[in-house]
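First the structure, in the form of C-alpha cells, and then the observations on it.
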Amino acid sequence: VLRRNGGGLDGLGRHAVAALLNGASNGVSYDLTSLEVIQMFGQTHPGTKDAYTTLKGNFESFNEQGCPLD
C-alpha cells in the first residue's frame, strides 16, 4: 500500500499504515491506539470514496502533528 499513488482507498491505505504504526509505538504519543485505527478502518471499508477521503484526512491530521523521535 505504501507504493500506491493517488487518493481514495490508496490514500487511506497509506495513512492507515502510518496511523497503525504510530498507535503501536511506545515511543510516540499518538491520539489513537492501533486497535482504534483497525476499528475505524473496518467501519469505513468497504465504503465510498468520500468516506475513504474523510478517514484519510483524520489519520493524516494525527500523523502530521510532529514526531518526537530523532
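The values are calculated or read from the model by the stated rules, or taken from the named source; none is laboratory data. It should be emphasised that the depicted structure is a prediction, and the values quoted were computed from it without experimental measurement. Positions of Cβ are generated from backbone atoms using ideal geometry, with glycine treated the same way; all protein chains shown enter the neighbour counts. Ligands, DNA and RNA are excluded from the accessible area calculation, which covers all protein heavy atoms including side chains. Shrake-Rupley method; radii C 1.70, N 1.55, O 1.52, S 1.80 Å.
Here is a check on your reading of the model: is LEU12 at pLDDT 95 or above, of a type outside the set (Ser, Thr, Tyr), open to solvent by 70 Å² or more (accessible area, probe 1.4 Å) and not in a loop (DSSP other than H, G, I, E, B)?
No: the conditions fail for LEU12.
What pairs come up if the first residue lies in region 43-62 and is within 10 Å of ALA16 (Cα to Cα), the second is of a type outside the set (Gly, Ala, Ser), and their beta carbons are under 7 Å apart, counting only those six or more places apart or on different chains?
LEU55/LEU12; LEU55/MET40; LEU55/THR44; LYS56/LEU12; LYS56/HIS15; PHE59/HIS15; GLU60/HIS15
Return only the number of the condition from (1) open to solvent by 70 Å² or more (accessible area, probe 1.4 Å); (2) at pLDDT 95 or above that LEU32 does not satisfy.
The failed condition is (1).
Would you mind telling me which numbered condition in (1) exposed (fewer than 14 other Cβ atoms within 10 Å of the Cβ); (2) modelled with pLDDT of 95 or more GLU60 fails?
The failed condition is (1).
Can you give me the number of residues within region 34-70 that are in a loop (DSSP other than H, G, I, E, B) and of a type outside the set (A, V, I, L, M)? Outline the logic, then answer.
From region 34-70, those in a loop (DSSP other than H, G, I, E, B) are 45-48, 64-70; that's our starting set.
Pick out the ones that are also of a type outside the set (A, V, I, L, M) and you get 45-48, 64-68, 70.
Of the residues in that region, 10 qualify.
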